[in-house]
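Just below is one structure, and these are the notes that go with it.
The values are calculated or read from the model by the stated rules, or taken from the named source; none is laboratory data. None of the values given here were measured: they were computed from a predicted structure. Positions of Cβ are generated from backbone atoms using ideal geometry, with glycine treated the same way; all protein chains shown enter the neighbour counts.
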Amino acid sequence: MLVIGLGRFGSATAEQLVKQGREVLAIERDRTLVQKWAPVLTHVVEADATNIDALRQLGAQEFSSAVVGVGTSIESSVLITVNLVDLGIQHLWVKAITPSHGKILTRIGANHVIYPEADAGVRAAHLVSGRMLDFIEFDDDYAIVKMYPPKETVGFTLEESKVRSKYGVTIVGVKTPGEDFTYARPETKVSGHDMLIVSGHVDLLERFAARP
């Protein structure tokens with residue numbers, strides 16, 4: 001995997017890829033960051049990725065996937081993305097600062113545009129309510145959440161609590177501490193120590209999570 005830019009987003013992505021056993025070539029033009037991450041990542045090179053010849057010399061064209069974490073300069077982000085598209089890299093995940101930046105990236109060939117700050121803010125806003133433990137939202141206002149069970153579900157089977165008919169959300173699974181995750185069935189009984197995996201429309205999930 002090719003990772004360009006070792007700021008907070010790029011370095012976190014590269015480090016996680018290495019933890020997953022992936023070979024990573026990281027390109028960064030700031031020598032201080034190169035020195036910081038060289039002992040951690042597989043390969044770290046000091047180079048300017050806005051220069052397509054530099055990318056060719058490093059063998060960037062041999063990669064099928066790349067992550068562009070450059071966020072301080074929209075111009076650099078766009079130039080790097082254009083270079084990677086020209087080199088034939090098929091899967092590009094590129095960090096965008098603003099919606100207009102993201103639109104430009106999409107038009108020039110980035111097939112995965114990421115808004116890390118905005119996404120983190122949305123996720124945090126859902127989690128601070130207290131009952132949700134994790135929140136993943138999809139493009140069509142559909143989400144999957146991990147949450148503590150509302151009192152009205154505790155001590156009852158899913159068939160008895162009728163969550164889907166009452167709130168329009170679906171309990172996908174139940175995780176009891178010390179036990180394996182189980183997919184939800186009508187006869188699954190919820191305890192106060194369980195965690196629920198629930199799917200549905202964001203507004204309906206918020207309503208369900210707001211129950212005491």
Boolean, Val67 is at negative phi and in contact with a Ser or Thr (Cβ under 6 Å, 6 or more places away or on another chain): yes
Residues of the range 60-72 satisfying the condition of being under 16 Å from Ala26 (Cβ atoms), outside any helix (DSSP H, G or I) and out of contact with any helix residue (DSSP H, G or I) (no Cβ under 8 Å at 6 or more places or on another chain): Phe63, Ser65
Hits in the range 61-75 - residues which are crowded, with 18+ Cβ neighbours inside 10 Å and either touching a strand residue (DSSP E or B) at 6+ places or on another chain (Cβ under 6 Å) or modelled with pLDDT of 95 or more (or both): Phe63, Ala66, Val67, Val68, Gly69, Gly71
Cross-chain or 6+ apart pairs with Cβ under 6 Å, the range 179-190 first and over 8 Å from Thr157 (Cβ atoms), then among the charged types (D, E, K, R): Phe181/Lys175
Residue match in the range 150-168 (condition: touching a residue at least 40 places away in the same chain (Cβ under 8 Å) and part of a loop (DSSP other than H, G, I, E, B)): yes
When residues of the range 181-212 are limited to those that are charged (D, E, K, R) and not in a loop (DSSP other than H, G, I, E, B), the one farthest from Arg131 (Cα to Cα): Lys189
Residue that is surrounded by the fewest Cβ atoms within 10 Å (Cβ to Cβ) [pool: residues in the range 1-59 that are assigned to a loop (DSSP other than H, G, I, E, B), in contact with a Gly (Cβ under 8 Å, 6 or more places away or on another chain) and not aliphatic (A, V, I, L, M)]: Gly7
Near pairs, Cβ below 8 angstrom, 6+ apart or cross-chain, from the range 193-212 (in the same structural domain as Lys166 (by TED's automatic domain parsing) and over 27 Å from Asp180 (Cβ atoms)) to any residue that is assigned to a strand (DSSP E or B) and among the aliphatic types (A, V, I, L, M): His201/Ala143; Val202/Ala143
Residue among Ala54, Ala66, Ala49 that is small (Gly, Ala, Ser) and more than 20 Å from Arg107 (Cβ to Cβ): Ala54
Matching residues in the range 1-58 - criterion: being over 19 Å from the mean Cα position of the chain (by Cα) and closer than 19 Å to Ile114 by Cβ: Ala26, Ile27, Glu28, Ala49
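So which residues in the range 15-43 are over 19 Å from Asn83 (Cβ atoms) and of a type in the set (A, V, I, L, M), if there are any at all?
Leu17, Val18, Leu33, Val34, Ala38, Val40, Leu41
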